[in-house]
Amino acid sequence: MTAVDALPLPPPPPLGGDVALFLDVDGTLLELADRPDLVRVPPGLIDSLQAVHERLGGALALISGRPLAQLDTLFAPLRLPAAGLHGLQVRGREQASLADDAPPELAAVLAGARALAARFPGSLIEDKGTALAFHWRAAGEGAGAEDALRQYAESVLPRLPGYFLQPGKDVVELRPGGAHKGTAVDLLMATPPFQGRTPVFVGDDLTDEHGFIAAAAHGGSAIVVGERRPTSARYGLRGPAEVMAWLGRAALAEAEVAR
Ligand SMILES: [Mg+2]
C-alpha cells in the first residue's frame with residue numbers, strides 16, 4: 001500500500017434527495033460474521049432503509065453477493081429493489097437472469113469442495129446455485145484453509161467454462177462472468193425510479209469497485225466502507241455503524257420534510 005492509498009478519505013456529504021442509492025450488504029450495512037448465516041440486522045436499520053427508500057422516491061437498491069431470496073429474508077418485511085449474486089440476479093429482470101443455469105460439472109466441483117472443507121474446521125462452502133463461495137473466516141489463520149480452498153478453486157476453474165474467481169474478504173467465489181455489480185447499476189440506472197438521479201454506491205469489498213466505477217460513469221460517486229485500499233471511491237466511512245448513522249441522518253431529514 002502506498003502512502004497516498006493510506007490517506008483517510010473524507011466522510012460523504014449528507015444524502016441529497018436527488019440521489020439513487022446503491023448499498024452493498026455484508027460489511028457495509030451489516031458487520032461481517034464468521035458465517036454468512038450468522039449476520040445480525042441491527043435494530044433501527046430496517047426503519048432507516050424504509051425511510052430513505054421513501055425519501056428517494058424508491059431509488060434505493062441493495063447490491064449484494066447474496067441471492068435475492070436471502071436479502072428479502074434478512075430485511076423482511078422490506079422487499080427493496082435489489083441485485084443478487086454480484087449482479088447476476090436483478091429484481092424484475094429474473095427472466096433475463098444469468099443465475100439459473102448451473103453447468104453440470106458444478107455438482108462435482110461442489111462435492112469435491114465440501115470434502116476438502118471437511119478437513120479444515122471453520123471453513124465453509126456456500127452453494128449459491130450457479131456460484132460457489134469458499135469461506136475461511138472462521139477457520140483461523142495458519143490453519144491452511146485459505147491456501148487449500150484457493151488452490152482448489154483455481155484448479156477447478158478450467159472445468160467451468162465462462163467462470164472466474166471473485167476474491168473477497170476471507171472468501172473466494174467461483175462464479176459465471178457476464179455480469180457484476182457495475183452492470184447491475186447500469187441496468188437499474190436505465191429505468192425508473194433510478195433513471196435521471198445521481199448514483200451513490202456504498203460498499204466495502206473488491207467486488208464493489210465495479211459498482212463504484214459505474215456510479216462515477218453515471219455522474220455519481222462512491223463511498224468505501226472500512227480500510228480496504230486502493231479504491232476508486234471518493235469518500236469513506238469506517239464501518240457499518242457509521243453507514244447506519246449516515247442513513248439515520250438521511251431518514252431523519254425525511255421525517256422533518258414530512259412534518
Ligand atoms: Mg460487502
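Computed from the coordinates by the stated procedures, all read-outs in this text should not be read as laboratory data. All figures in this text were calculated on a predicted structure; none of them were measured in a lab. Because the Cβ atoms are built from the backbone with ideal geometry, glycine has one as well, and the counts that use them run over all protein chains shown.
Between region 18-47 and region 95-160, what is the C-alpha centre distance in whole Å?
Value for the Cα centre distance between the two parts: 24 Å.
Compute the relative contact order of region 147-186 as a whole-number percentage, counting only Cα pairs closer than 8 Å that sit 6 or more residues apart in sequence. If you can, show how the numbers build up before the last one.
Working: 28 pairs, mean separation 11.4, N = 40.
Rounded, it is 28 percent for region 147-186.
Hey, what D do you get for region 14-57 in µm²/s if you plug the Kirkwood alpha-carbon radius into Stokes-Einstein at 25 °C and 0.890 mPa s? Write down the numbers at each step before the final one.
On the way: Rh = 11.9 Å.
Value of D from the Cα-based Kirkwood radius: 207 µm²/s.
So if we plug the beta-carbon distance of residue 164 and residue 41 into 1/(1 + (r/R0)^6) with R0 = 41 Å, what FRET efficiency do we get, rounded to 0.05?
Details: r = 31 Å, r/R0 = 0.75.
It comes to 0.85.
Say we join alpha carbon atoms closer than 10 Å with springs in a Gaussian network model of the chain; which of 242, 146, 154 then has the biggest fluctuation?
154
In Å and whole numbers, how far do the C-alpha atoms of region 54-96 stretch along each principal axis, longest first?
28, 20, 16
Starting from the Cα gyration tensor of region 105-176, multiply each eigenvalue by 5, take the square root, and state the resulting semi-axes largest first in whole Å. List each step's numbers first, then the result.
Working: eigenvalues 72, 29, 21 Å².
Listed largest to smallest, the semi-axes of region 105-176 are 19, 12, 10 Å.
Report the full-extension gain for the segment residue 227 to residue 191: residue separation times 0.36 nm, less the Cα-Cα distance, to one decimal in nm.
Numbers: separation 36, 0.36 × 36 = 12.96 nm, distance 3.30 nm.
This chain segment gains 9.7 nm when fully extended.
Hey, in the GNM for the chain with a 10 angstrom Cα cutoff, which one of 190, 153, 51 fluctuates hardest?
Between 190, 153, 51, it is 190 that shows the largest mean-square fluctuation.
Considering the alpha-carbon set of region 92-248 alone, what are its Rg and its Dmax in angstrom?
17.7, 51
What is the angle, in °, between the Cα long axis of helix 240-258 and the longest principal axis of the Cα atoms in the chain? Nearest 10 is fine, range 0 to 90.
Compared with the principal axis, the helix lies near 30 degrees.
Subtract the Cα-Cα distance of residue 76 and residue 105 from 0.36 nm times their separation in residues, and report this length gain in nm to one decimal.
On the way: separation 29, 0.36 × 29 = 10.44 nm, distance 3.45 nm.
This chain segment gains 7.0 nm when fully extended.
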